[in-house]
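Below is one structure, written out as structure tokens; the observations come after it.
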Amino acid sequence: MRLKELREMRGFTLSQAAQAAHVTKAAVCMWESGARQPGLASLLALADLYDVSLDALCGRNQPGET
């Protein structure tokens with residue numbers, strides 16, 4: 001997944017990502033490191049926050065591609 005790359009590219013902090021996904025900063029950090037996987041609701045919230053598709057968020061294509 002491209003969670004950290006997209007978060008940093010869009011200029012969001014861990015706190016902002018966590019707030020959008022309704023989880024703790026530690027949870028986002030674990031997702032970004034690959035230690036845990038986010039659920040669908042969290043993925044949708046982050047995709048909305050970063051203004052990308054789920055495919056882009058998961059690394060299946062580049063942001064902006066369909």
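Starting from the Cα gyration tensor of the chain, take the square roots of the eigenvalues, sort them a ≥ b ≥ c, and report rounded, prolate or oblate (rounded when a/c is under 1.5, otherwise prolate if a/b is larger than b/c, else oblate).
Working: a/c = 1.60, a/b = 1.44, b/c = 1.11.
Note, shape of the chain comes out prolate.
At 0.36 nm per residue, minus the direct Cα-Cα distance, what do Gln37 and Leu54 gain on full extension? Give it in nm, one decimal, please. Write down the numbers at each step before the final one.
On the way: separation 17, 0.36 × 17 = 6.12 nm, distance 1.38 nm.
Length gained between Gln37 and Leu54: 4.7 nm.
Test of understanding: given the chain, find the longest segment containing no trypsin sites (Lys or Arg not before Pro) that are in a DSSP loop and have at most 16 other Cβ atoms within 10 Å. Intermediate values should be presented prior to the final figure.
Values: sites that count: Arg36, Arg60.
Answer - 1-35.
Do you know the relative contact order of the chain, to the nearest whole percent, from alpha carbon pairs under 8 angstrom that are 6+ apart? Don't skip to the answer; put the middle values down first.
On the way: 64 pairs, mean separation 22.0, N = 66.
Dividing the mean separation by the residue count of the chain yields 33 percent.
Could you work out what % of the accessible surface of the stretch 13-66 is carbon and sulfur, using a 1.4 angstrom probe and leaving DNA, RNA and ligands out of the count?
On the stretch 13-66, the fraction of accessible area on carbon and sulfur atoms equals 52 percent.
Averaged per residue, what accessible area in Å² does the chain show with a 1.4 Å probe, protein chains only? Don't skip to the answer; put the middle values down first.
On the way: 4080 Å² over 66 residues.
Accessible surface, normalised per residue, equals 62 Å².
The values are calculated or read from the model by the stated rules, or taken from the named source; none is laboratory data. Keep in mind the model is a prediction, meaning the values are calculated, not measured. Virtual Cβ from ideal backbone geometry, glycine too; neighbours counted across all protein chains shown. Side chains included, ligands, DNA and RNA excluded: accessible areas come from the protein's heavy atoms. Shrake-Rupley method; radii C 1.70, N 1.55, O 1.52, S 1.80 Å.
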